[in-house]
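The values are calculated or read from the model by the stated rules, or taken from the named source; none is laboratory data. No experiment lies behind these values; they were computed from the predicted model shown. Every residue, glycine as well, gets a Cβ built from its backbone with ideal geometry; the counts of neighbours run over all protein chains shown. Just so you know, the surface numbers come from the protein's heavy atoms only, side chains and all, with ligands and any DNA or RNA stripped out. Shrake-Rupley method; radii C 1.70, N 1.55, O 1.52, S 1.80 Å.
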Amino acid sequence: MNRYKKANEGIHAPEHVKERAAGPQGRRRGYPRWAGAVAAMLAVVLMGGIALYSGNRPTVDRPIPYSEDGPGQWGRGVDLPAQANALSVASYPEVHPFPRQDEYLRSYSDSEYEKYNAAYDVWQADMEALRTGMDYTGVMDGFLSRSAAQFLTDAGTENRVYSPLNVYLALSMVAETAGDNSRAQILDLLQADSIEVLRERANGLWRDNYRDDGVVTAILGNSLWLRDGMTYRQETLDILAKNYFASSFSGKMGTEEYNQALRDWINEQTNGLLAEQARGLEMDADTVLALASTLYFKAAWSGGFQKENTETDTFHALSGDVDGPFMRRIIESGVYYWGERFAAVELRFQEGGSMWLILPDEGDSVDDLLKSGEAMDFLLADKGLTGDQQDYAWPDQKVAQINLSMPKFDVSSDLSLVEGLKELGVTDVFDPAVSNFDPLGASTDDPLYVSQAQHAARVKVDEEGCEAAAFTVVTMNPTSAAPPNDEVDFTLDRPFLFAVTGDSGLPLFTGVVNQPNG
(Lines give C-alpha, C1' and ligand atoms only; values in the text may rest on other atoms or scores of the structure.)
Protein backbone atom coordinates (compact mmCIF):
# COMPACT_ATOMS: atom_id res chain seq x y z
CA MET A 1 0.00 0.00 0.00
CA ASN A 2 2.98 2.31 0.56
CA ARG A 3 3.70 2.53 -3.16
CA TYR A 4 0.08 3.61 -3.76
CA LYS A 5 0.31 6.30 -1.07
CA LYS A 6 3.56 7.55 -2.58
CA ALA A 7 1.67 8.48 -5.72
CA ASN A 8 -0.21 11.12 -3.76
CA GLU A 9 2.68 12.84 -2.00
CA GLY A 10 2.57 16.50 -2.91
CA ILE A 11 -0.63 16.21 -4.97
CA HIS A 12 -2.94 19.02 -3.94
CA ALA A 13 -6.19 17.35 -4.89
CA PRO A 14 -9.26 16.53 -2.79
CA GLU A 15 -8.65 13.67 -0.38
CA HIS A 16 -11.35 11.45 -1.92
CA VAL A 17 -9.63 11.82 -5.29
CA LYS A 18 -6.27 10.85 -3.78
CA GLU A 19 -7.78 7.78 -2.15
CA ARG A 20 -9.31 6.64 -5.42
CA ALA A 21 -6.16 7.39 -7.38
CA ALA A 22 -3.92 5.57 -4.91
CA GLY A 23 -6.06 2.60 -3.96
CA PRO A 24 -5.37 -0.82 -5.42
CA GLN A 25 -8.74 -0.77 -7.15
CA GLY A 26 -7.17 1.77 -9.46
CA ARG A 27 -4.40 -0.60 -10.53
CA ARG A 28 -4.88 -2.55 -13.68
CA ARG A 29 -4.83 -6.29 -13.72
CA GLY A 30 -1.68 -7.87 -15.02
CA TYR A 31 -1.90 -9.04 -18.58
CA PRO A 32 -2.15 -12.82 -18.81
CA ARG A 33 0.44 -15.03 -20.44
CA TRP A 34 -1.19 -16.07 -23.64
CA ALA A 35 -1.23 -19.65 -24.81
CA GLY A 36 -0.53 -19.79 -28.52
CA ALA A 37 -0.20 -16.78 -30.74
CA VAL A 38 -0.74 -13.28 -29.35
CA ALA A 39 -1.94 -10.20 -31.18
CA ALA A 40 -1.50 -6.76 -29.68
CA MET A 41 -3.05 -3.77 -31.42
CA LEU A 42 -2.51 -0.35 -30.00
CA ALA A 43 -3.11 3.22 -31.00
CA VAL A 44 -2.57 6.45 -29.13
CA VAL A 45 -3.98 9.84 -29.92
CA LEU A 46 -2.39 12.69 -28.00
CA MET A 47 -4.31 15.90 -28.39
CA GLY A 48 -1.47 18.26 -27.61
CA GLY A 49 -1.49 21.63 -25.91
CA ILE A 50 -4.05 24.31 -26.33
CA ALA A 51 -2.03 27.45 -25.75
CA LEU A 52 -2.55 31.19 -25.75
CA TYR A 53 -2.27 33.01 -29.05
CA SER A 54 -0.56 36.02 -27.45
CA GLY A 55 1.26 34.08 -24.76
CA ASN A 56 -0.15 36.29 -21.95
CA ARG A 57 -1.07 34.37 -18.80
CA PRO A 58 -4.34 35.14 -17.03
CA THR A 59 -4.37 35.73 -13.29
CA VAL A 60 -5.23 32.88 -10.95
CA ASP A 61 -8.93 32.81 -10.18
CA ARG A 62 -9.53 29.51 -8.39
CA PRO A 63 -8.35 25.93 -8.70
CA ILE A 64 -10.37 23.70 -11.00
CA PRO A 65 -12.94 21.99 -8.79
CA TYR A 66 -13.51 18.29 -8.60
CA SER A 67 -16.97 17.14 -9.60
CA GLU A 68 -18.68 14.45 -7.55
CA ASP A 69 -20.67 13.62 -10.66
CA GLY A 70 -17.49 12.71 -12.53
CA PRO A 71 -16.10 9.19 -12.77
CA GLY A 72 -14.52 7.65 -9.76
CA GLN A 73 -11.03 6.19 -10.09
CA TRP A 74 -7.72 6.63 -11.87
CA GLY A 75 -8.24 3.46 -13.83
CA ARG A 76 -4.80 2.31 -14.97
CA GLY A 77 -2.74 3.69 -12.11
CA VAL A 78 0.40 5.74 -12.58
CA ASP A 79 2.55 7.05 -9.75
CA LEU A 80 2.22 10.72 -10.64
CA PRO A 81 4.84 13.17 -9.37
CA ALA A 82 3.93 16.08 -7.13
CA GLN A 83 3.78 18.37 -10.15
CA ALA A 84 0.61 16.64 -11.45
CA ASN A 85 -2.57 17.18 -9.50
CA ALA A 86 -5.34 14.61 -9.99
CA LEU A 87 -8.56 16.61 -10.31
CA SER A 88 -10.96 13.92 -11.48
CA VAL A 89 -10.24 10.37 -12.50
CA ALA A 90 -12.04 8.00 -14.84
CA SER A 91 -13.41 4.69 -13.67
CA TYR A 92 -13.15 1.87 -16.22
CA PRO A 93 -15.90 -0.76 -16.23
CA GLU A 94 -15.21 -3.96 -14.35
CA VAL A 95 -15.64 -7.08 -16.48
CA HIS A 96 -15.27 -10.53 -14.97
CA PRO A 97 -12.65 -12.72 -16.70
CA PHE A 98 -13.82 -14.75 -19.65
CA PRO A 99 -13.99 -18.38 -18.45
CA ARG A 100 -11.42 -20.39 -20.38
CA GLN A 101 -12.53 -23.98 -20.79
CA ASP A 102 -9.05 -25.36 -20.13
CA GLU A 103 -9.15 -23.75 -16.69
CA TYR A 104 -12.58 -25.10 -15.74
CA LEU A 105 -13.12 -28.36 -17.59
CA ARG A 106 -10.24 -30.60 -16.58
CA SER A 107 -12.19 -33.77 -15.85
CA TYR A 108 -15.45 -32.74 -17.54
CA SER A 109 -17.47 -33.46 -14.42
CA ASP A 110 -20.93 -32.06 -13.78
CA SER A 111 -19.62 -29.77 -11.05
CA GLU A 112 -16.99 -28.34 -13.42
CA TYR A 113 -19.63 -27.65 -16.06
CA GLU A 114 -21.79 -25.92 -13.45
CA LYS A 115 -18.90 -23.69 -12.37
CA TYR A 116 -18.01 -22.94 -15.99
CA ASN A 117 -21.60 -22.05 -16.90
CA ALA A 118 -21.95 -19.85 -13.82
CA ALA A 119 -18.73 -18.00 -14.63
CA TYR A 120 -19.83 -17.58 -18.25
CA ASP A 121 -23.19 -16.15 -17.16
CA VAL A 122 -21.45 -13.58 -14.95
CA TRP A 123 -19.09 -12.59 -17.79
CA GLN A 124 -21.97 -12.34 -20.26
CA ALA A 125 -24.00 -10.17 -17.87
CA ASP A 126 -21.04 -7.78 -17.50
CA MET A 127 -20.64 -7.53 -21.26
CA GLU A 128 -24.36 -6.94 -21.81
CA ALA A 129 -24.33 -4.16 -19.20
CA LEU A 130 -21.34 -2.54 -20.92
CA ARG A 131 -22.58 -2.69 -24.50
CA THR A 132 -25.05 -0.11 -25.82
CA GLY A 133 -26.54 -2.01 -28.75
CA MET A 134 -26.03 1.06 -30.92
CA ASP A 135 -26.32 0.49 -34.67
CA TYR A 136 -23.39 2.09 -36.50
CA THR A 137 -24.54 1.02 -39.96
CA GLY A 138 -23.86 3.87 -42.35
CA VAL A 139 -23.44 6.57 -39.69
CA MET A 140 -19.64 6.69 -39.91
CA ASP A 141 -18.98 5.31 -43.37
CA GLY A 142 -18.22 8.69 -44.89
CA PHE A 143 -15.63 9.62 -42.26
CA LEU A 144 -14.00 6.19 -42.34
CA SER A 145 -13.72 6.12 -46.13
CA ARG A 146 -12.68 9.75 -46.62
CA SER A 147 -10.15 9.84 -43.80
CA ALA A 148 -8.59 6.48 -44.72
CA ALA A 149 -8.17 7.62 -48.32
CA GLN A 150 -6.76 10.95 -47.13
CA PHE A 151 -4.16 9.56 -44.73
CA LEU A 152 -3.23 6.23 -46.36
CA THR A 153 -2.89 7.15 -50.04
CA ASP A 154 0.05 8.70 -51.87
CA ALA A 155 2.55 6.99 -49.60
CA GLY A 156 4.86 6.23 -52.51
CA THR A 157 7.19 3.46 -51.43
CA GLU A 158 6.61 4.10 -47.72
CA ASN A 159 4.30 2.33 -45.29
CA ARG A 160 1.29 3.95 -43.64
CA VAL A 161 -0.71 3.07 -40.52
CA TYR A 162 -3.83 4.92 -39.35
CA SER A 163 -6.37 4.38 -36.54
CA PRO A 164 -9.72 5.83 -37.65
CA LEU A 165 -11.55 5.03 -34.41
CA ASN A 166 -8.88 6.73 -32.31
CA VAL A 167 -8.88 9.86 -34.46
CA TYR A 168 -12.69 9.91 -34.43
CA LEU A 169 -12.81 9.89 -30.63
CA ALA A 170 -10.03 12.48 -30.37
CA LEU A 171 -11.80 14.84 -32.79
CA SER A 172 -15.00 14.31 -30.83
CA MET A 173 -13.28 15.60 -27.70
CA VAL A 174 -11.95 18.60 -29.63
CA ALA A 175 -15.51 19.31 -30.81
CA GLU A 176 -16.65 19.43 -27.16
CA THR A 177 -14.18 22.27 -26.51
CA ALA A 178 -14.94 24.15 -29.74
CA GLY A 179 -17.85 26.40 -30.68
CA ASP A 180 -19.65 27.92 -33.66
CA ASN A 181 -18.15 27.04 -37.06
CA SER A 182 -15.07 25.44 -35.47
CA ARG A 183 -17.38 22.82 -33.99
CA ALA A 184 -19.68 22.64 -37.01
CA GLN A 185 -16.82 21.65 -39.33
CA ILE A 186 -15.82 18.77 -37.05
CA LEU A 187 -19.44 17.65 -36.72
CA ASP A 188 -19.74 17.63 -40.50
CA LEU A 189 -16.61 15.51 -40.92
CA LEU A 190 -17.75 13.09 -38.21
CA GLN A 191 -21.26 12.88 -39.71
CA ALA A 192 -23.11 14.11 -36.61
CA ASP A 193 -26.12 16.46 -36.76
CA SER A 194 -25.40 17.94 -33.33
CA ILE A 195 -22.90 17.80 -30.47
CA GLU A 196 -25.47 15.77 -28.51
CA VAL A 197 -25.61 13.15 -31.28
CA LEU A 198 -21.81 13.04 -31.46
CA ARG A 199 -21.52 12.78 -27.68
CA GLU A 200 -23.88 9.80 -27.55
CA ARG A 201 -22.12 8.11 -30.46
CA ALA A 202 -18.64 8.65 -28.99
CA ASN A 203 -19.79 7.21 -25.68
CA GLY A 204 -21.24 4.23 -27.54
CA LEU A 205 -18.01 3.71 -29.46
CA TRP A 206 -16.09 3.70 -26.20
CA ARG A 207 -18.43 1.24 -24.47
CA ASP A 208 -18.92 -1.02 -27.49
CA ASN A 209 -15.19 -1.41 -28.12
CA TYR A 210 -13.91 -1.54 -24.53
CA ARG A 211 -13.01 -4.99 -23.27
CA ASP A 212 -10.63 -6.28 -20.60
CA ASP A 213 -11.59 -9.86 -19.74
CA GLY A 214 -8.32 -11.77 -19.98
CA VAL A 215 -8.95 -13.05 -23.50
CA VAL A 216 -9.45 -9.87 -25.50
CA THR A 217 -7.98 -6.56 -24.33
CA ALA A 218 -9.34 -3.38 -25.88
CA ILE A 219 -8.61 -0.43 -23.58
CA LEU A 220 -9.64 3.10 -24.51
CA GLY A 221 -8.37 5.89 -22.30
CA ASN A 222 -8.78 9.68 -22.36
CA SER A 223 -7.29 12.46 -20.27
CA LEU A 224 -7.02 16.25 -20.01
CA TRP A 225 -3.79 17.97 -18.94
CA LEU A 226 -4.63 21.45 -17.64
CA ARG A 227 -2.45 24.42 -16.82
CA ASP A 228 -2.30 25.54 -13.21
CA GLY A 229 -3.58 29.05 -12.49
CA MET A 230 -6.39 29.01 -15.04
CA THR A 231 -10.10 28.39 -14.82
CA TYR A 232 -12.07 26.28 -17.26
CA ARG A 233 -15.76 25.66 -17.76
CA GLN A 234 -16.64 22.89 -15.33
CA GLU A 235 -19.64 21.80 -17.41
CA THR A 236 -17.36 20.97 -20.35
CA LEU A 237 -14.93 19.04 -18.15
CA ASP A 238 -17.82 17.09 -16.61
CA ILE A 239 -19.16 16.19 -20.05
CA LEU A 240 -15.73 14.92 -21.10
CA ALA A 241 -15.46 12.91 -17.88
CA LYS A 242 -18.93 11.38 -18.05
CA ASN A 243 -19.17 10.63 -21.76
CA TYR A 244 -15.53 10.09 -22.73
CA PHE A 245 -14.23 8.57 -19.48
CA ALA A 246 -11.63 11.36 -19.44
CA SER A 247 -9.50 11.97 -16.35
CA SER A 248 -8.31 15.52 -15.59
CA PHE A 249 -4.95 16.61 -14.20
CA SER A 250 -3.27 19.96 -13.70
CA GLY A 251 0.33 21.09 -13.39
CA LYS A 252 2.92 23.67 -14.33
CA MET A 253 3.18 23.77 -18.10
CA GLY A 254 6.65 23.72 -19.60
CA THR A 255 8.24 21.76 -16.76
CA GLU A 256 9.95 18.46 -17.41
CA GLU A 257 8.11 16.93 -14.44
CA TYR A 258 4.68 17.67 -15.88
CA ASN A 259 5.75 16.51 -19.33
CA GLN A 260 7.00 13.26 -17.80
CA ALA A 261 3.68 12.79 -16.01
CA LEU A 262 1.95 12.91 -19.39
CA ARG A 263 4.45 10.46 -20.90
CA ASP A 264 4.04 8.11 -17.92
CA TRP A 265 0.27 8.15 -18.34
CA ILE A 266 0.60 7.31 -22.04
CA ASN A 267 3.11 4.53 -21.37
CA GLU A 268 0.91 3.02 -18.66
CA GLN A 269 -2.19 3.14 -20.87
CA THR A 270 -0.34 1.57 -23.79
CA ASN A 271 1.66 -1.02 -21.84
CA GLY A 272 4.91 0.76 -22.73
CA LEU A 273 4.70 0.03 -26.45
CA LEU A 274 5.14 3.69 -27.37
CA ALA A 275 7.84 4.60 -24.87
CA GLU A 276 10.28 5.73 -27.58
CA GLN A 277 7.69 7.81 -29.38
CA ALA A 278 6.33 9.28 -26.13
CA ARG A 279 9.82 10.34 -25.04
CA GLY A 280 9.72 13.34 -27.36
CA LEU A 281 6.28 14.58 -26.32
CA GLU A 282 6.14 17.78 -24.33
CA MET A 283 3.88 20.71 -23.48
CA ASP A 284 5.51 24.15 -23.59
CA ALA A 285 5.03 27.00 -21.14
CA ASP A 286 2.21 28.57 -23.21
CA THR A 287 0.14 25.39 -23.38
CA VAL A 288 -3.34 25.79 -21.91
CA LEU A 289 -4.70 22.26 -22.30
CA ALA A 290 -3.61 18.93 -23.75
CA LEU A 291 -6.09 16.16 -24.54
CA ALA A 292 -4.79 12.61 -24.75
CA SER A 293 -6.67 9.60 -26.06
CA THR A 294 -5.36 6.04 -26.19
CA LEU A 295 -6.48 2.73 -27.68
CA TYR A 296 -4.86 -0.58 -26.78
CA PHE A 297 -5.92 -3.89 -28.32
CA LYS A 298 -4.58 -7.36 -27.63
CA ALA A 299 -5.92 -10.76 -28.64
CA ALA A 300 -4.67 -14.18 -29.68
CA TRP A 301 -5.09 -15.60 -33.16
CA SER A 302 -7.87 -18.13 -33.53
CA GLY A 303 -5.52 -20.69 -34.99
CA GLY A 304 -1.99 -19.36 -35.42
CA PHE A 305 1.13 -19.80 -37.49
CA GLN A 306 3.74 -22.45 -36.76
CA LYS A 307 7.29 -21.12 -36.81
CA GLU A 308 8.58 -24.23 -38.56
CA ASN A 309 6.38 -23.34 -41.55
CA THR A 310 7.99 -19.91 -41.98
CA GLU A 311 10.24 -19.76 -45.04
CA THR A 312 12.18 -17.08 -46.91
CA ASP A 313 10.40 -15.72 -49.96
CA THR A 314 10.37 -12.58 -52.11
CA PHE A 315 8.19 -9.51 -51.60
CA HIS A 316 7.79 -7.41 -54.73
CA ALA A 317 8.00 -3.95 -53.21
CA LEU A 318 7.54 -0.79 -55.26
CA SER A 319 11.18 0.06 -54.61
CA GLY A 320 12.39 -3.38 -55.71
CA ASP A 321 12.28 -7.03 -54.69
CA VAL A 322 13.24 -7.88 -51.11
CA ASP A 323 13.63 -11.27 -49.47
CA GLY A 324 12.20 -11.96 -46.05
CA PRO A 325 10.42 -14.49 -43.84
CA PHE A 326 6.92 -15.50 -44.97
CA MET A 327 4.50 -17.17 -42.58
CA ARG A 328 2.37 -19.98 -44.02
CA ARG A 329 -0.89 -21.46 -42.88
CA ILE A 330 -3.67 -23.57 -44.41
CA ILE A 331 -7.19 -22.43 -43.55
CA GLU A 332 -9.27 -25.54 -44.28
CA SER A 333 -12.69 -23.92 -44.62
CA GLY A 334 -11.97 -20.25 -44.91
CA VAL A 335 -14.00 -17.62 -46.73
CA TYR A 336 -12.35 -16.08 -49.76
CA TYR A 337 -13.71 -12.67 -50.81
CA TRP A 338 -13.14 -10.74 -54.00
CA GLY A 339 -14.25 -7.58 -55.74
CA GLU A 340 -13.63 -5.88 -59.06
CA ARG A 341 -9.98 -5.21 -58.25
CA PHE A 342 -9.04 -7.12 -55.09
CA ALA A 343 -9.14 -10.34 -53.09
CA ALA A 344 -9.42 -10.57 -49.31
CA VAL A 345 -9.11 -13.01 -46.42
CA GLU A 346 -10.10 -12.70 -42.77
CA LEU A 347 -7.87 -13.83 -39.89
CA ARG A 348 -9.88 -14.05 -36.69
CA PHE A 349 -8.78 -13.43 -33.12
CA GLN A 350 -9.92 -15.62 -30.25
CA GLU A 351 -13.35 -14.61 -28.94
CA GLY A 352 -13.75 -11.47 -31.04
CA GLY A 353 -12.23 -9.21 -33.68
CA SER A 354 -10.37 -9.88 -36.91
CA MET A 355 -7.49 -8.83 -39.09
CA TRP A 356 -8.49 -8.33 -42.72
CA LEU A 357 -5.91 -8.76 -45.48
CA ILE A 358 -6.77 -7.08 -48.79
CA LEU A 359 -4.62 -7.75 -51.87
CA PRO A 360 -5.11 -5.62 -55.01
CA ASP A 361 -5.32 -7.51 -58.29
CA GLU A 362 -2.31 -7.51 -60.59
CA GLY A 363 -2.16 -4.12 -62.30
CA ASP A 364 -4.06 -2.34 -59.52
CA SER A 365 -2.62 -0.57 -56.48
CA VAL A 366 -3.65 0.07 -52.90
CA ASP A 367 -4.18 3.72 -53.85
CA ASP A 368 -6.65 2.64 -56.54
CA LEU A 369 -8.69 0.74 -53.96
CA LEU A 370 -8.60 3.56 -51.41
CA LYS A 371 -9.35 6.44 -53.77
CA SER A 372 -12.22 4.56 -55.42
CA GLY A 373 -13.65 3.67 -52.01
CA GLU A 374 -13.78 -0.02 -52.93
CA ALA A 375 -11.55 -1.15 -50.06
CA MET A 376 -13.49 0.69 -47.35
CA ASP A 377 -16.81 -0.31 -48.93
CA PHE A 378 -15.72 -3.90 -48.49
CA LEU A 379 -14.53 -3.43 -44.91
CA LEU A 380 -17.74 -1.70 -43.88
CA ALA A 381 -20.08 -4.06 -45.75
CA ASP A 382 -22.22 -6.69 -44.05
CA LYS A 383 -20.70 -9.95 -45.24
CA GLY A 384 -23.25 -12.31 -43.70
CA LEU A 385 -26.51 -13.68 -45.04
CA THR A 386 -29.30 -11.30 -46.04
CA GLY A 387 -32.66 -11.14 -44.31
CA ASP A 388 -34.10 -14.03 -46.27
CA GLN A 389 -31.03 -16.14 -45.34
CA GLN A 390 -30.53 -17.14 -48.96
CA ASP A 391 -28.01 -14.71 -50.37
CA TYR A 392 -24.91 -13.12 -48.86
CA ALA A 393 -24.85 -9.36 -48.42
CA TRP A 394 -21.40 -9.40 -50.03
CA PRO A 395 -22.11 -11.64 -53.03
CA ASP A 396 -18.52 -12.29 -54.11
CA GLN A 397 -17.41 -14.84 -51.53
CA LYS A 398 -16.85 -18.55 -51.38
CA VAL A 399 -15.79 -21.15 -48.84
CA ALA A 400 -12.48 -22.66 -49.86
CA GLN A 401 -9.24 -24.08 -48.59
CA ILE A 402 -6.99 -21.03 -48.36
CA ASN A 403 -3.25 -21.54 -48.59
CA LEU A 404 -2.18 -18.31 -46.90
CA SER A 405 1.31 -16.93 -47.23
CA MET A 406 2.07 -13.54 -45.68
CA PRO A 407 5.26 -11.75 -44.72
CA LYS A 408 6.30 -10.98 -41.20
CA PHE A 409 6.29 -7.21 -41.25
CA ASP A 410 7.31 -4.25 -39.18
CA VAL A 411 5.87 -1.07 -40.66
CA SER A 412 5.60 2.46 -39.33
CA SER A 413 4.67 5.96 -40.47
CA ASP A 414 4.79 9.51 -39.18
CA LEU A 415 2.69 12.17 -40.84
CA SER A 416 1.05 15.51 -40.17
CA LEU A 417 -2.75 15.52 -40.12
CA VAL A 418 -3.11 19.30 -40.50
CA GLU A 419 -3.31 19.57 -44.28
CA GLY A 420 -5.35 16.38 -44.51
CA LEU A 421 -7.91 17.65 -42.01
CA LYS A 422 -8.10 20.95 -43.88
CA GLU A 423 -8.82 19.08 -47.11
CA LEU A 424 -11.51 17.16 -45.23
CA GLY A 425 -13.15 20.46 -44.29
CA VAL A 426 -11.81 21.14 -40.79
CA THR A 427 -10.12 24.52 -41.24
CA ASP A 428 -11.26 27.02 -38.60
CA VAL A 429 -9.54 25.38 -35.62
CA PHE A 430 -6.19 26.01 -37.32
CA ASP A 431 -6.81 29.73 -37.88
CA PRO A 432 -6.58 32.04 -34.82
CA ALA A 433 -8.51 34.71 -36.70
CA VAL A 434 -11.68 32.59 -36.78
CA SER A 435 -11.15 29.68 -34.33
CA ASN A 436 -13.60 29.37 -31.45
CA PHE A 437 -12.92 27.43 -28.25
CA ASP A 438 -15.46 29.24 -26.05
CA PRO A 439 -16.97 26.02 -24.60
CA LEU A 440 -13.60 25.31 -23.01
CA GLY A 441 -14.06 28.45 -20.94
CA ALA A 442 -10.33 29.08 -20.53
CA SER A 443 -9.75 32.23 -18.47
CA THR A 444 -8.06 34.26 -21.19
CA ASP A 445 -9.18 36.78 -23.76
CA ASP A 446 -6.60 35.54 -26.26
CA PRO A 447 -7.78 33.27 -29.09
CA LEU A 448 -6.75 29.63 -29.18
CA TYR A 449 -5.97 27.65 -32.30
CA VAL A 450 -4.49 24.29 -33.34
CA SER A 451 -0.89 24.68 -34.46
CA GLN A 452 0.01 21.06 -35.23
CA ALA A 453 -1.50 17.59 -35.51
CA GLN A 454 0.91 14.67 -35.81
CA HIS A 455 0.04 10.99 -36.19
CA ALA A 456 2.70 8.29 -35.77
CA ALA A 457 2.09 4.54 -35.81
CA ARG A 458 3.88 1.21 -35.98
CA VAL A 459 2.60 -2.33 -36.59
CA LYS A 460 4.57 -5.57 -36.23
CA VAL A 461 3.30 -8.99 -37.30
CA ASP A 462 4.93 -12.38 -36.73
CA GLU A 463 3.92 -15.98 -35.98
CA GLU A 464 2.76 -15.10 -32.49
CA GLY A 465 0.55 -12.26 -33.60
CA CYS A 466 0.54 -8.55 -34.13
CA GLU A 467 1.76 -5.64 -32.03
CA ALA A 468 0.99 -2.06 -33.00
CA ALA A 469 1.28 1.44 -31.65
CA ALA A 470 0.25 4.91 -32.81
CA PHE A 471 -0.14 8.41 -31.48
CA THR A 472 -1.48 11.70 -32.76
CA VAL A 473 -0.27 15.01 -31.34
CA VAL A 474 -2.53 18.02 -31.82
CA THR A 475 -1.09 21.22 -30.34
CA MET A 476 -3.17 24.35 -29.84
CA ASN A 477 -1.15 27.51 -29.38
CA PRO A 478 -2.19 31.11 -28.68
CA THR A 479 -2.26 32.92 -30.99
CA SER A 480 -16.25 -8.28 -60.28
CA ALA A 481 -13.91 -11.04 -61.14
CA ALA A 482 -14.53 -14.84 -61.86
CA PRO A 483 -15.25 -16.97 -58.76
CA PRO A 484 -12.26 -18.84 -57.28
CA ASN A 485 -11.63 -22.56 -57.25
CA ASP A 486 -12.28 -24.60 -54.12
CA GLU A 487 -8.60 -24.23 -53.23
CA VAL A 488 -7.04 -20.78 -53.25
CA ASP A 489 -3.45 -19.59 -52.97
CA PHE A 490 -3.51 -16.23 -51.19
CA THR A 491 0.03 -14.88 -51.26
CA LEU A 492 0.74 -11.37 -50.00
CA ASP A 493 3.95 -10.87 -51.99
CA ARG A 494 3.26 -7.32 -53.18
CA PRO A 495 1.85 -4.14 -51.54
CA PHE A 496 -1.39 -4.82 -49.67
CA LEU A 497 -3.87 -3.32 -47.21
CA PHE A 498 -4.77 -4.54 -43.76
CA ALA A 499 -7.40 -3.62 -41.19
CA VAL A 500 -8.09 -4.68 -37.61
CA THR A 501 -11.66 -4.72 -36.31
CA GLY A 502 -12.89 -5.06 -32.74
CA ASP A 503 -16.13 -6.15 -31.11
CA SER A 504 -18.11 -3.37 -32.79
CA GLY A 505 -16.98 -4.55 -36.23
CA LEU A 506 -15.60 -1.09 -37.02
CA PRO A 507 -11.97 -0.75 -38.12
CA LEU A 508 -9.69 0.09 -35.19
CA PHE A 509 -6.61 0.18 -37.42
CA THR A 510 -5.97 0.36 -41.15
CA GLY A 511 -2.66 0.30 -42.94
CA VAL A 512 -0.69 -0.09 -46.16
CA VAL A 513 2.30 -2.45 -46.35
CA ASN A 514 4.56 -1.29 -49.17
CA GLN A 515 7.74 -2.67 -47.62
CA PRO A 516 7.46 -5.44 -44.97
CA ASN A 517 10.95 -4.76 -43.64
CA GLY A 518 10.00 -1.17 -42.76
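Quick rundown of the values:
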quantity	calculated
Net charge dipole size for the stretch 296-401 [Lys, Arg +1 and Asp, Glu -1 on Cβ; Debye, nearest 20]	500 debye
Among the listed pairs 307/460; 383/422; 252/422, those beyond 22 Å (Cα-Cα)	383/422; 252/422
Accessible area (Å², per residue) of the stretch 120-220, counting only protein heavy atoms and a probe of 1.4 Å	32 Å²
Carbon + sulfur, % of accessible area of the stretch 259-302 - ligands and nucleic acids excluded, 1.4 Å	34 percent
Cleavage-rule hits (GluC sites (Glu not before Pro)) in the stretch 303-340: DSSP loop, at most 13 neighbouring Cβ within 10 angstrom	340
Residue 330 versus residue 255: modelled label distance in nm, points set 7 Å from Cα along the beta carbon direction	6.4 nm
Dipole magnitude of the stretch 230-356, debye to nearest 20 (Cβ charges: Lys/Arg +1, Asp/Glu -1, about Cα centre)	340 debye
Those aspartates and glutamates that a straight Cα-Cα span of less than 16 Å connects to residue 371, excepting residues fewer than 8 apart in one chain	141, 154, 340, 361, 423
